[in-house]
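Here's the structure, in structure tokens; my notes come after.
The values are calculated or read from the model by the stated rules, or taken from the named source; none is laboratory data. As the structure is a computational prediction, the values presented were derived from the model and not from experiment. All Cβ positions, even for glycine, are placed from backbone atoms using ideal geometry, and neighbour counts span all protein chains on display.
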Amino acid sequence: MTFGDTSIILMAAATATTWGIGKEQDLPWKIPKDSEYLEQITSKVYYNSTTIATLKKDRPWHNAVVMGRLSWESIPMKNGPMPHRFNIVISRNPSYKMKPFPHTSLAISIHDAIEQAKTLMEESQGRVFVLGGGQIYEQAMDVCTHILLTRIHDPKQQIVCDVFMPPVNTSLFVQASHEELEAFVQEKVPKGIQLCGELEYEFLLYVRRQSDDS
Ligand SMILES: NC(=O)c1ccc[n+]([C@@H]2O[C@H](COP(=O)([O-])OP(=O)(O)OC[C@H]3O[C@@H](n4cnc5c(N)ncnc54)[C@H](OP(=O)(O)O)[C@@H]3O)[C@@H](O)[C@H]2O)c1
């Protein structure tokens, strides 16, 4: 399956040793700077050769976010969908009733979601972010072009998780340098280990290897 020039970016925060991502339908931690990072990276306008014309339009969204039905239901709906992004929700139930929010749609598989997002991106020239949860990350590993990972170090092993993502397969993805990460997201990113209480975390980028990479 090919996706042309559209970047399909799996974006996740996971514990370094166990790849834990969730607990009781919520995040197992509160890292405000990571939440801000996700908000910024998934909402911003990315520049490419054709974006300049697009920028002149006052669009309500540029990028699409894709998530599983359980992650969608974990968003406090009093806030509505993730703002300034087109929200695509995956469910096996084609009759799943989403509230009639604007800029949202239902997909019946990860491939349906990606196809919908790609079509939307033809107009907005944006990027597609797959935001979880565990079931969707597992399936998205086969289709994503990039992985933006917040790796969370928990030296005292205090974080308990009940949902996990697959480890990044380094025979399929290569870890980029920090400079390559900043070039990819088109802005400065805090470098190295960051502190949040007793937790340590770092922002990383992995890029799918080309077939001719050694
Ligand atoms: N740390 C992070 O970065 C991060 C990010 C996001 C979420 N999370 C956490 O992850 C947890 C939720 O993850 P989860 O794995 O339980 O659920 P999920 O992946 O968010 O959603 C699972 C649902 O997606 C639908 N689905 C899965 N595979 C499908 C397929 N092949 N075709 C069609 N629909 C499919 C099904 O919906 P139906 O049952 O409706 O058919 C399934 O119940 C929460 O704790 C959340 O806080 C963490």
Can you pull out the helices (runs of 4 or more DSSP H) entirely within the range 61-173 that have at least 3 residues that are more than 9 Å from the ligand (Cβ to nearest atom)? 110-124
What is the residue count in the range 67-95 for residues that are in contact with a helix residue (DSSP H, G or I) (Cβ under 9 Å, 6 or more places away or on another chain) and loosely packed, with under 14 Cβ neighbours inside 10 Å? 3
State which residue is farthest from His146 (Cα to Cα) when the search covers only the range 12-27 and only residues that are near the ligand (Cβ under 7 Å from one of its atoms), surrounded by 15 or more Cβ atoms within 10 Å (Cβ to Cβ) and in contact (Cβ under 8 Å) with a residue 60 or more places away in the chain. Gly22
Output yes when any residue across the range 33-52 is modelled with pLDDT of 90 or more, in a strand (DSSP E or B) and β-branched (Val, Ile, Thr), and no when none is. no
Starting from residues that are under 22 Å from His153 (Cα atoms) and at pLDDT 95 or above, keep the ones in the range 197-214 and report whichever is surrounded by the most Cβ atoms within 10 Å (Cβ to Cβ). Tyr201
Residue pairs, Cβ under 9 Å, 6 or more apart or interchain, first in the range 112-129 and closer than 20 Å to Pro94 by Cβ, second of a type in the set (Val, Ile, Thr) and assigned to a helix (DSSP H, G or I). List them. Ala113/Ile136
